[in-house]
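A.B. asks: Right, I'll just put the structure down here and ask away after.
The values are calculated or read from the model by the stated rules, or taken from the named source; none is laboratory data. Note that the structure is predicted; figures quoted are calculated from it, not measured. Here the Cβ is made from the backbone with ideal geometry for all residues, glycine too, and neighbour counts use every protein chain on show.
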Amino acid sequence: MPVYKKVRLIGSGSFGRAYLVRDKDDAQKLYVMKLIDISQMDGKTREDTFNEAKVLSTLKPHPFIVRYHQSYIYEDHLCIIMDFAAGGDIAARIKEQKKTGQRFDENLIKRWIAQASLGLNYLHSMHILHRDLKPQNLFLTANDDLQIGDFGIAKMLGSPAACAQTTIGTPYYLSPEICKGQSYSLPSDIWSLGCILYELASLTVPFHANDLKGLVDAISKLPVPAMPSVYSDDLRQLCNDMLNRDPSKRPTAAQIIRIPPIKEEIDKIKAKRRNSASVGVLPFSAVRSSSAVEA
């Protein structure tokens, strides 16, 4: 008997399809199942596809990373089971703000950047380079807490100093070193997070162009735009530092979480976790080992 029952399709793309699924033994438990057809893949593509499950399986439960439960092969598909983020994603929230014409409150921006930095600090401590940080991959829980997800092109590095060389990621959030075809490492994720910080404040990406070549040139050469002056000098300076074209001069995730405006938010997060069992590292939900899904 299948363990999961499909509820609805919630996304599709080059990776395959993502479904909201329900635990058949506990109707209150909802998960996301990424269903990836591997039947026609060559060896290299299949290996790359299994990479996400490999990366996720190395991670311990973390409050600001989408929780992985299991993966398995079922009818020529790789199935990856993860927690369901009931609050949607940051991209949808940015779209909503654009419609209303209202900016995000600074405290909310700092809270989300603090949570993203805590999640990123954990990933980087595990020598994992995400490589595709963007608003669509930053999910929100029912409590509006941010969680990093979608590790489809993440890379496990041999050491913090190790570098990757494949040009991959979402164009608007690519770092200058990737645009120039240079090797890159953990600071590339910091650049992407800086782009997201800028977008949260400005409701637009920092660099625009009509085509990919123009965008690459803009990211590599044009002056980095300043965040709107309605935000604090500390937050604007943090954005500038994260968008430094010299990767060695960008702050690390470990440094970002110690910067006063971000540390203040982290202190609030810690206090909230102490006072509420609904936030933080909760007991890891047991998922049956049976590998099946019902349509």
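A.B. asks: From the list Ser220, Ser192, Ser248, exactly one residue is out of contact with any helix residue (DSSP H, G or I) (no Cβ under 6 Å at 6 or more places or on another chain), of a type in the set (Ser, Thr, Tyr) and in a helix (DSSP H, G or I). Which is it?
C.D. replies: Ser248
A.B. asks: Ok, one more. Tell me, please, whether a residue that is assigned to a helix (DSSP H, G or I) and touching a Lys or Arg at 6+ places or on another chain (Cβ under 8 Å) can be found in region 174-182.
C.D. replies: yes
A.B. asks: Thr45 - would you say it is not basic (Lys, Arg) and not assigned by TED's automatic domain parsing to the domain that holds Ile196?
C.D. replies: Here the answer is yes, as Thr45 does meet what is asked.
A.B. asks: Which residues, taken from region 124-146, are assigned to a helix (DSSP H, G or I) and under 26 Å from Ser12 (Cβ atoms)?
C.D. replies: Passing the criteria: Pro135, Gln136, Asn137.
A.B. asks: Give region 168-224 a look and list any residue that's touching a residue at least 40 places away in the same chain (Cβ under 8 Å) and hydroxyl-bearing (Ser, Thr, Tyr), or say none. Even if it seems obvious, please write down each step before you answer.
C.D. replies: First pass over region 168-224, keeping only residues touching a residue at least 40 places away in the same chain (Cβ under 8 Å): 171-177, 179-180, 184-201, 203, 212, 215-216, 219-220.
Of everything in region 168-224, those that are touching a residue at least 40 places away in the same chain (Cβ under 8 Å) and hydroxyl-bearing (Ser, Thr, Tyr) turn out to be Tyr172, Tyr173, Ser175, Tyr184, Ser185, Ser188, Ser192, Tyr198, Ser220.
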